[in-house]
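I have placed the structure first, in the form of structure tokens, so that the comments after it can refer back to it.
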Amino acid sequence: MKLSGVILATVALLFSTLGKAQYIPADFSEKEMKDAQKWVDQKYANLSQEDKLGQLFIVALYTNKGEEHIQQVRHLVEKEHIGGLILMQDDAERHIQLVNEFQQKSPIPLMIGMDAEWGVYQRIAAAHKYPWAITLGAIQDKNRITEMAASIARDCQRMGVNWDFAPVADVNTNPKNPIIGNRSFGSEPQNVIASAFAYAQGLQRNNVLAAIKHFPGHGDTDQDSHLDLPAVTHSLNRLNTIELAPFRALADKGIGGIMVAHLYVPALEKGKDIPASISYNIITKLLKEKIGYQGLIITDALNMGAVANKYKAGELDA
């Protein structure tokens, strides 16, 4: 099965209880689609409840944390049948070896993700570095962004990565934002929408899923969610006009994934200090039902301070 087939089959498997998947590779024929769906139906019918739960998890894989860490990940792939890996620092050759090994050992094709907003350089220091999103947002011809993202997709493919957790679709309106800043295409929603769509197109036309982030909008925060839980206290009208605008506009454009942030947004979630990433009101009622998004939904990392400082180990997973 070619790479696009692996992606579609895995996405379809994750969507087998939800209906039609959001993303279908452009070069996928009707016959290939039917064959993939048949394969998915057979696989899903044979999954145990434990396997279905395992498919919900994507685990970090480092090449600079020693063999004990790698053995732990190997166990999760072989015994717990996790859904995927996110590649972290820093040895590209070792990453490729491990991805090939784990794909062979996993009973279901793994989603292999990476934060590659400005290329795989974001995790692999020896790789080519592409411009920050703030620079791309200044480009008038958005086709140039699509071309650049296509190059990033090809780099991802060389490493076995089939899901780039990019682009950032946050409208950065706070100059003191400690974590978004140059990762955003800018402070004007329509420009962010056009730039993010162009970037996602470049990835997905080359069989790498995109994931726009950080829903419902991390652009006006003065705290880093890696450290603590930021609060976005704007009115619903303001959120719809600025923060939510890119996600609403792109929800029906075939983008494969949306990443939900660890943010407290009281206009959307009345529960005190409940992060968007675990909020039924924000994920199910707003994103899935009201906005109508049908793609893959993933949280930001569960070891980030915004949630890890608040919940006990295993509590978030449940």
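List the number of the failed condition for Ile258; all other conditions in (1) of a type outside the set (Ser, Thr, Tyr); (2) farther than 27 Å from Glu50 by Cβ; (3) touching a Lys or Arg at 6+ places or on another chain (Cβ under 9 Å); (4) not in a loop (DSSP other than H, G, I, E, B) hold.
With (1) of a type outside the set (Ser, Thr, Tyr); (2) farther than 27 Å from Glu50 by Cβ; (3) touching a Lys or Arg at 6+ places or on another chain (Cβ under 9 Å); (4) not in a loop (DSSP other than H, G, I, E, B) applied to Ile258, the lone miss is (2).
Note down all Cβ pairs under 7 Å where the first residue falls in segment 122-135 and is touching a residue at least 12 places away in the same chain (Cβ under 8 Å), the second is among the basic types (Lys, Arg), and they're at least six residues apart or on different chains.
Every condition considered, the pairs that remain are Trp132/Arg183; Ala133/Arg183.
Counting only residues that are surrounded by fewer than 18 Cβ atoms within 10 Å (Cβ to Cβ) and among the hydroxyl-bearing types (Ser, Thr, Tyr), which one in segment 243-302 is nearest to Pro167 (Cα to Cα)?
Checking each candidate, the answer is Thr284.
Quick one: which of Ala92, Ala133, Ala126 is at negative phi, surrounded by fewer than 13 Cβ atoms within 10 Å (Cβ to Cβ) and among the hydrophobic types (A, V, I, L, M, F, W, C)?
Answer to the check: Ala126.
Regarding Val171, is this residue assigned to a helix (DSSP H, G or I), hydrophobic (A, V, I, L, M, F, W, C) and touching a residue at least 40 places away in the same chain (Cβ under 8 Å)?
Taking the combined requirement at face value, the residue does not satisfy it.
Look at segment 100-143 and say how many of its residues are assigned to a loop (DSSP other than H, G, I, E, B), at pLDDT 95 or above and touching a Leu at 6+ places or on another chain (Cβ under 7 Å).
The number of residues fulfilling the criteria is 2.
State whether one or more residues within segment 222-245 are within 28 Å of Asp27 (Cβ to Cβ), among the hydroxyl-bearing types (Ser, Thr, Tyr) and in a helix (DSSP H, G or I).
no
Quick one: would you say Glu68 is surrounded by fewer than 17 Cβ atoms within 10 Å (Cβ to Cβ), at pLDDT 95 or above and either of a type outside the set (S, T, N, Q) or within 18 Å of the chain's Cα centre (by Cα) (or both)?
The answer is yes for Glu68.
Looking at Ser187 and the list (1) part of a loop (DSSP other than H, G, I, E, B); (2) crowded, with 21+ Cβ neighbours inside 10 Å; (3) over 15 Å from the mean Cα position of the chain (by Cα), which single condition is not satisfied?
(2)
The values are calculated or read from the model by the stated rules, or taken from the named source; none is laboratory data. In this text, all values refer to a predicted model and were calculated from it rather than measured experimentally. Note that each Cβ is placed from the backbone with ideal geometry, even for glycine, and that neighbours are counted across all protein chains shown.
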